[in-house]
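Q: Pasting in a structure now, in structure tokens, and then I'll have a few things to ask.
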């Protein structure tokens with residue numbers, strides 16, 4: 001992870017030193033981090049986080065996969081709860097093989113889906129095996 005002291009916060013930590021297993025991290029410290037599958041194969045990197053402004057929760061991580069020098073890049077919105085943060089190896093783990101990700105619903109940087117659309121959200125959560133839990137206050 002590319003975080004520094006100001007971006008790592010642990011509940012009750014009053015020192016300026018970063019701690020292992022931080023409870024709070026600045027989003028800029030996570031954008032660009034590699035995403036690997038359970039076989040430790042790279043399946044992309046984090047480009048963006050999508051925040052539900054009503055609940056304050058991160059709903060999706062947008063991953064980039066399959067680009068070479070920015071050409072042919074495909075983006076994927078992955079439910080944030082489908083990812084596991086591995087602080088020791090400084091990456092995220094997504095339990096999906098490369099072929100399944102290649103077949104996943106994706107988009108290009110100029111044509112993002114409406115991530116607030118419940119039909120789209122249900123299909124993405126279903127694809128990654130996570131439960132869709134809409135925030136009824138915001139939808």
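Q: As a footprinting exposure proxy, order 95, 86 by other Cβ within 10 Å, with the fewest listed first.
A: 95, 86
Q: Right, here's the next one. With 10 angstrom as the radius, rank 46, 119, 58 by how many other C-beta atoms surround their C-beta, starting from the fewest.
A: Final ranking by Cβ density, sparse to dense: 119, 58, 46.
Q: I would also like to ask the following. So for the pair residue 120, residue 73, with labels modelled 7 Å out along Cα→Cβ, what separation do we get in nm?
A: 1.8 nm
Q: Shifting gears a bit: What order do you get for 78, 31, 62 when you list them from fewest to most C-beta neighbours inside 10 Å?
A: Taking fewest neighbouring Cβ atoms as first place, the list is 31, 62, 78.
Any read-out appearing in this document is the output of simple, stated calculations on the displayed coordinates, not a laboratory observation. Values in this document were obtained by computation on a predicted structure and should not be read as measured data. Counting neighbours? That spans all protein chains shown, and the Cβs are built from the backbone with ideal geometry, glycine included.
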